[in-house]
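In what follows, a structure is listed as structure tokens, so that the remarks can point back to it.
The values are calculated or read from the model by the stated rules, or taken from the named source; none is laboratory data. Everything quoted here is computed from the prediction, not taken from an experiment. Glycine also receives a Cβ, built like all others from the backbone with ideal geometry; neighbour counts cover every protein chain displayed.
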């Protein structure tokens, strides 16, 4: 597969920032559409990344940013439902339809889709059902599609507290799990690397891949790790805020 220019939808987000850095390091030209250029400020320093102000939920705007690309990567995902384009139906299902239409119109064959572990039409939460429907749409679009289904993602500009918060935000799913249910958090750069590797690999087309880290945690272990992290973090902040005996100023 000959690919030089890629449109990364959702490129200003957590995974997107890491993916765009890896793509730029490989020499790809990258387009990142966003409604708020400030959110993608960190990407503007990358020489091969072009940040474009565009609303991808507008089919005409989406078609314009996809035109001329060799591949599209869709990373968009929301954890909380809402009405309109930013709920599960709009952000996952309708956007998937719009992306497929834009790819067809621009003759872009290669599409990589971010889904979620356990996404399926019969899944126990609306979030996972909407992700499952988006998978169905893209895999049946007649394009060269690869789907990735990561577990909870964490990374360096996140932290372990936010890893637990990410799990907590999935309470509709977790509420159905037993205390012994196990999770395999995956590192963000590993997720990004999977996308980069698959991009030019024809053997990945038409396939879905679960992305999980090397270690399993139970909910109890995650709660205990979160408590320990909070305790250590609290100690660090107390030490940092100790006043100097001579001036009373905070320690820098």
> Going by the structure shown, is residue 119 under 28 Å from residue 189 (Cβ atoms) and without any contact (Cβ under 8 Å) to a residue 24 or more places away in the chain?
Replying inline: no
> Does residue 3 satisfy the criteria of being more than 20 Å from the chain's Cα centre (by Cα) and either in a loop (DSSP other than H, G, I, E, B) or closer than 22 Å to residue 143 by Cβ (or both)?
Replying inline: yes
> Among the listed residues 73, 99, which satisfies the condition of being within 16 Å of the chain's Cα centre (by Cα) and either under 18 Å from residue 23 (Cβ atoms) or surrounded by 22 or more Cβ atoms within 10 Å (Cβ to Cβ) (or both)?
Replying inline: 73
>> Given the criteria loosely packed, with under 15 Cβ neighbours inside 10 Å, at pLDDT 50 or above and more than 30 Å from residue 111 (Cα to Cα), does residue 234 qualify?
In response: yes
> Only one residue in 202, 124 is at pLDDT 75 or above, surrounded by fewer than 19 Cβ atoms within 10 Å (Cβ to Cβ), over 17 Å from the mean Cα position of the chain (by Cα) and closer than 23 Å to residue 88 by Cβ, so which one is that?
Replying inline: 124
>> When you check residue 82 against the structure, is it surrounded by 15 or more Cβ atoms within 10 Å (Cβ to Cβ) and more than 18 Å from residue 196 (Cα to Cα), yes or no?
In response: no
> If you take the residues in the range 6-17 that are in a helix (DSSP H, G or I) and in contact with a helix residue (DSSP H, G or I) (Cβ under 7 Å, 6 or more places away or on another chain), which one is farthest from residue 196 (Cα to Cα)?
Replying inline: 14
>> Can you say whether residue 147 is assigned to a strand (DSSP E or B), in contact with a helix residue (DSSP H, G or I) (Cβ under 8 Å, 6 or more places away or on another chain), surrounded by 15 or more Cβ atoms within 10 Å (Cβ to Cβ) and modelled with pLDDT of 75 or more, as far as the supplied structure shows?
In response: yes
